[in-house]
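A short worksheet on the structure shown next.
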Number of protein chains: 4
Amino acid sequence: MCTSVSFNGNHHYFGRNLDLDYTFNQEVVITPRNVVFELKNGKTLSSHFAMIGMAVISDNYPLYFDATNEKGLSIAGLNYPKNAFYQPDEKTEKSIASFELIPYVLSQCTTIDEVKSLLDDLIITDVAFNPEFPNSPLHWIIADKHAAITVESDRDGLHVYDNPVGVLTNNPPFPIQLFNLNNYRHLSAKTSANFFAPELDLDAYSNGMGAIGLPGDLSSMSRFVRATFTKEHSLKFQTVEEDINQFFHILSSVEQTKGLCDVGEEHYEYTIYSSCCDTDTGIYYYKTYNNSQISAVSLHHEDLEASDLIHYPLATKASIHSVN
Amino acid sequence: MCTSVSFNGNHHYFGRNLDLDYTFNQEVVITPRNVVFELKNGKTLSSHFAMIGMAVISDNYPLYFDATNEKGLSIAGLNYPKNAFYQPDEKTEKSIASFELIPYVLSQCTTIDEVKSLLDDLIITDVAFNPEFPNSPLHWIIADKHAAITVESDRDGLHVYDNPVGVLTNNPPFPIQLFNLNNYRHLSAKTSANFFAPELDLDAYSNGMGAIGLPGDLSSMSRFVRATFTKEHSLKFQTVEEDINQFFHILSSVEQTKGLCDVGEEHYEYTIYSSCCDTDTGIYYYKTYNNSQISAVSLHHEDLEASDLIHYPLATKASIHSVN
Amino acid sequence: MCTSVSFNGNHHYFGRNLDLDYTFNQEVVITPRNVVFELKNGKTLSSHFAMIGMAVISDNYPLYFDATNEKGLSIAGLNYPKNAFYQPDEKTEKSIASFELIPYVLSQCTTIDEVKSLLDDLIITDVAFNPEFPNSPLHWIIADKHAAITVESDRDGLHVYDNPVGVLTNNPPFPIQLFNLNNYRHLSAKTSANFFAPELDLDAYSNGMGAIGLPGDLSSMSRFVRATFTKEHSLKFQTVEEDINQFFHILSSVEQTKGLCDVGEEHYEYTIYSSCCDTDTGIYYYKTYNNSQISAVSLHHEDLEASDLIHYPLATKASIHSVN
Amino acid sequence: MCTSVSFNGNHHYFGRNLDLDYTFNQEVVITPRNVVFELKNGKTLSSHFAMIGMAVISDNYPLYFDATNEKGLSIAGLNYPKNAFYQPDEKTEKSIASFELIPYVLSQCTTIDEVKSLLDDLIITDVAFNPEFPNSPLHWIIADKHAAITVESDRDGLHVYDNPVGVLTNNPPFPIQLFNLNNYRHLSAKTSANFFAPELDLDAYSNGMGAIGLPGDLSSMSRFVRATFTKEHSLKFQTVEEDINQFFHILSSVEQTKGLCDVGEEHYEYTIYSSCCDTDTGIYYYKTYNNSQISAVSLHHEDLEASDLIHYPLATKASIHSVN
């Protein structure tokens, strides 16, 4: 399904894998400050922070999957089927349609603290973008360079959880994902001592045996564990370039390979794109399943006072460097 | 299928679970010293060490599943399907039919060193006990109080392996079973430190979490790992009575419960009996699936100079102590 | 820590393993109908249902670990450290001290439906039995022959959960335990087909391989999974005697062997006793770590109109049947 | 450590991850037909098949890690510590130093059948390349488009195993690696039915749950299982370009991320390069840890009648495509 990661190195980075068995016409989309968002509750967001991320544009509206604003605040929506519950339409000031949450938050907040205030009493409604575009059942990870939160709108209301790992995948609800990490506390990147039977001569025949028990499948709980372990043990680097490269390697640890996640009727989930936004510079890096070269789109190379969306189609074809 | 254990405490103990989906008419059988074994190779074992163990008696012959002789040497045969390979009949001095191996070894050896000499150049043949009684594909664990060995007659010949764990189950060949323990070297009876993500506050919410990853199923490799872990971490006790009790608890960790191992056509493997022979005293203790009380048969309570088999049917009915 | 099971066969059975690293002076205790319970809220339970179970008697008060009443309703308290939260003392009609819950429920209820009504608005308080006897952090499983529930008093209040598996261990809260079973849905008592690589000739070298992945350690989540799998795949029998025997085999699958659960400072949790109450007959069966023979105490063999506790010390010494 | 894969799609592909905690000065090296190999046994290979692969050049000698010849035959050497045993130097016609095996095989063979004949009676010796360059303990995978073999020189002699999975990692010896796959036969790319407890409503809350139990760590046995599962379930594609892309995704499933495999003293194994040779076209594709873009070097773009090595340094710096 999907995995999102918030990561601190020389800069702060935020990104995700989008894992689906079908693809939209998503693009890298920049929303300058003066693009007007007319909210379903009747309000308007007219002058706001600029943002960059991956979106499908429909009727000049950016339906973002993940995005970062010019203040370095980031948010990603991830699949949360059967658990996401959006309230029936109520046109109050605090009613926001689920598809509006990303621009609503990024338009006006600069930090997680501000986001928490904004989310206070917020009602996420089931108003659809338009009749042909049904809502997706989502939950969200929101991060700045200091903290991350998970936002889940369940049947019993809106939950805003501190997210100390800076990772989100899909089901089950976040508290269960977080609790589940306890079961892996004995796994290590180092070779362990022989605790099994100290009297026996048990051979550490390979490097990497200290993490035996780490799950390798593609279910959402296993990806949560693996992405967290990979992120937590990641080396620290001296350059932003190395950080970005490492970020994609972390995402690669939970990548979905074509054929490995069979959802029936010859459909297979796979990692359509992987992204890494350097939230300090506003540069959005991404790779696609068929093109492993990193592409980069810079927020600040555009006129951020504009009032129209700017968008760049994805590089989805292999880009091979021929040496001879 | 089966699990056998050799265990040192205040005395030396040897026993096994017999796991099958059908049962024979097995009994506790004592073979006094003057019972004559006429070997298929034409030789005769006439005056020999007495032995006690579990066997089916057919034509006055004790077909032992496991046994211990008066010198404290023990042997058990365990299922080894598709791997066991017995040589075509050759009537040489060193040719022993597979069903003869237990009495052949126990009749004349007192230690593992003597067994190793006896097994040198031995040929295990496919001669059947009689036309109605086909051979079982077996391998064997043989133990005295100082050492244990595993004996496997494979297609490429007879292998005699030192068995440092004192445990045997079934397939695959013993070297693979032993190697596999390496993969569990990080498991512990203690709660582990948090190596997974030291920056996260991971809760040791339960005792016993250091062994997460220990296999719980009934396959022969999983039973080998679990029996070894249980034996290796077993406490030491001050009395023989506690040792024997603990021995049955070790066997219980790999017990097969009725219904859990479905072999098809409404047949289920289960632990028909569990045994523990105190090899210092020659007392053979056992439990059966339906009777959890321990029964005891003593080798030395019989006339060991006799020339006829002595046998006691198993206590297979529940024996409940009514308090009021 | 502990495991409790509710099981239907020819009769309904309810029991548990008590796993601790220390032992109380627990006994099988029968509370006849006219033993007076003076509740901490000032009320009195004077004429009530009789009950039988395991308890420590202090000041003529039965501190039950688990018990069944003459109507066949059963309840067991299990360790729930760091999660159990009892309300500060409030002397209202609906305030019950944690140690009173078992007699309070069994005194007056005959079915789970009645228990649910009784628990409605109930407040479990932190009033201790006496100053020397601090409260244990517990949660409870309550069962009749038709249904089971789990009762947890958490920081956010009292939760009464339907318990469709009829199993309870310890942490984490019950909804997480129940959710976790989803991760094992592919495990089977049968040998699986080769889904891993159908083109390869992968050998089912042992029976029981379909359950590879079943956890074998002693943590509370692993015991919950293993006890559930064992119970769910248990065969059906034709006699009560076989049912009772099988119940103990189910408990044995999650037994804690001495040495295997090291809680530090040379202390080890182990299964002090295993119990099985036949709730149709009111006979309480049990085994202890050192005595594998089943003992039985019958509720209906006593004068249930009495006003004093009746108690039988446990059979904690090995009871071996000497055959010769 | 390392993982190598042979894969059939529209063409045949062969490649590997090189995982080490230190790096050599390896390059893509083409050996034209008339480069002279002077073997340590006194013989000379003067006119031979051209080959391309990854090598360190020392004294004009290509010390290949993996290579493919112009006939489409490929070979890779992988770490095999403590198990590899090379014979003491014997200057016979069938004595080949371990570092010579790759050019020796690729110089003269076109198929696996020819390789098997060549390996018959071959002795791999411990003669070092030069005094400063000690031998590496290796085993090898050799593949053409129809078959693959594994070659291991153990203490008991040279073993040539059919390799039906077309995957090689490191320890233990290949027969144990292959056997170990049996333990995963129940894992599937599809969601499984609920076999655990059919009476319970267990939720398939995520796609990909059928492979829960697939190991996710970096030990050599876990990488063998994971690479095989990934390869076996890989989709089939219609173009060579997609095949090559998929090949790198397969290798990515067993990639070693920096920090995840701690070998002590602040050293960490990581995937230095990943390669994929299209053996039909002789084009060698590769990625490096810091450069995820695929580079390509073509054997047939060079003068293959030359007598000097041709070499291209690796593209080890990030190559980012700036869109705006």
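Some observations on this one:
- Antiparallel DSSP beta bridges within chain C, as percent of all bridges there, nearest 5: 95
- Cα Rg over Rh - segment D:86-213, Kirkwood: 1.19
- For peptide B:260-266, the mean count of partner chain Cβ atoms within 10 Å of a residue's Cβ comes to 6.
- Based on DSSP H segments of at least four residues, each scored -39500 (n - 2.57), the protein assembly as shown has a per-residue ellipticity at 222 nm of -4500 deg cm²/dmol.
- Summing charges over all other residues whose Cβ lies under 15 Å from the Cβ of residue C:64, with Lys and Arg as +1 and Asp and Glu as -1, gives -4.
- Of all aspartates and glutamates in the structure, those lying under 12 Å Cα to Cα from residue A:236, and not within fewer than 8 positions of it along the same chain, are D:266.
- Acute angle (nearest 10 degrees) that the helix A:220-233 long axis makes with the longest principal axis of chain A, alpha-carbon atoms: 70
- Average beta-carbon neighbours from other chains, 10 Å sphere, peptide C:245-255: 5
- For chain D: relative contact order, % (alpha-carbon pairs under 8 angstrom, 6 or more apart): 25
- Expressed in units of 2.2 N^0.38 Å, where N is the residue count, the Cα radius of gyration of chain C is 1.03.
- Gaussian network model of chain A, springs between alpha carbon atoms under 10 Å - residue of A:120, A:243, A:203 with greatest fluctuation: A:203
- Only the Cβ atoms of Lys and Arg (+1) and of Asp and Glu (-1) were treated as charged; on that basis the dipole of the protein assembly as shown about its Cα centre amounts to roughly 0 debye.
- Interface B:C - total buried accessible surface [probe 1.4 Å, Å², rounded to 100]: 5700
- Segments C:274-285, D:300-311, B:185-196 sorted - mean Cβ within 10 Å per residue, highest first: C:274-285, B:185-196, D:300-311
- J(HN,Hα) series, segment A:316-322, from Karplus relation 6.51 cos²θ - 1.76 cosθ + 1.60, nearest Hz, glycine and proline x: 9, 9, 4, 10, 9, 8, 8
- Whole-Hz Karplus values for segment B:158-170 come out as 8, 10, 10, 10, 4, 10, x, 8, x, 9, 9, 10, 10 Hz, taken residue by residue from phi with 6.51 cos²θ - 1.76 cosθ + 1.60 and θ = phi - 60°; glycine and proline positions read x.
- Computing Rg and the Kirkwood Rh from the Cα coordinates of segment D:149-228 gives a ratio, Rg/Rh, of 1.13.
- For segment B:244-274 and segment A:16-73, distance of Cα centres in Å: 60
- If both residues of a DSSP beta bridge must be in segment D:14-140, then about 85% of such bridges are antiparallel.
- Contact order normalised by residue count of segment B:205-324, Cα under 8 Å, 6+ apart, percent: 14
- Per-residue HN-Hα couplings for segment C:245-256 [Karplus 6.51, -1.76, 1.60; θ = phi - 60°; Hz; x = Gly/Pro]: 4, 5, 4, 5, 5, 4, 4, 5, 5, 10, 5, 9
- For segment D:63-127: rounded, prolate or oblate by the Cα gyration tensor [a/c cutoff 1.5]: oblate
- Entry note: segment C:1-70 has Rg to Rh equal to 1.02, where both radii use alpha-carbon atoms and Rh is the Kirkwood radius.
- Links that overshoot a 32 Å alpha carbon limit, given the list A:40/A:317; A:287/D:231; C:43/C:71; B:317/C:145; D:116/D:231: A:40/A:317
- Using the average count of surrounding beta-carbon atoms within 10 Å as a protection proxy, the listed peptides C:100-108, D:33-41 rank, highest first, as C:100-108, D:33-41.
- Residue mean of other protein chain beta carbons inside 10 Å, A:79-88: 1
- Relative protection proxy for A:250-262, D:255-267, from highest mean packing down: A:250-262, D:255-267 (other beta-carbon atoms within 10 angstrom).
- For residue B:119, net neighbour charge (Lys/Arg +1, Asp/Glu -1) across residues whose Cβ lies under 12 Å away: -3
- Note on segment D:176-324: Cα-Cα pairs beyond 18 Å make up 71% of the total pair count.
- Cα gyration tensor shape of the protein assembly as shown, rounded if a/c is under 1.5, else prolate or oblate by comparing a/b with b/c: oblate
- Measuring nothing but how far apart in sequence close Cα pairs (under 8 Å, 6+ apart) lie, relative to its length, segment B:46-136 scores a relative contact order of 28 percent.
- If you sort the three axes of the alpha carbon gyration tensor as a ≥ b ≥ c, you get a/c of 1.5 or more for segment B:197-259 and a/b no higher than b/c, which makes it oblate.
- Counted charge near residue D:74, where neighbours are those whose Cβ lies closer than 11 Å (Asp, Glu -1; Lys, Arg +1): 0
The values are calculated or read from the model by the stated rules, or taken from the named source; none is laboratory data. All values reported here derive from a predicted model rather than from experimental measurement. All Cβ positions, glycine included, derive from the backbone under ideal geometry; neighbour counts span all protein chains shown. Each accessible area value is taken on the protein alone, full model and side chains, heavy atoms only, with ligands, DNA and RNA left out. Shrake-Rupley method; radii C 1.70, N 1.55, O 1.52, S 1.80 Å.
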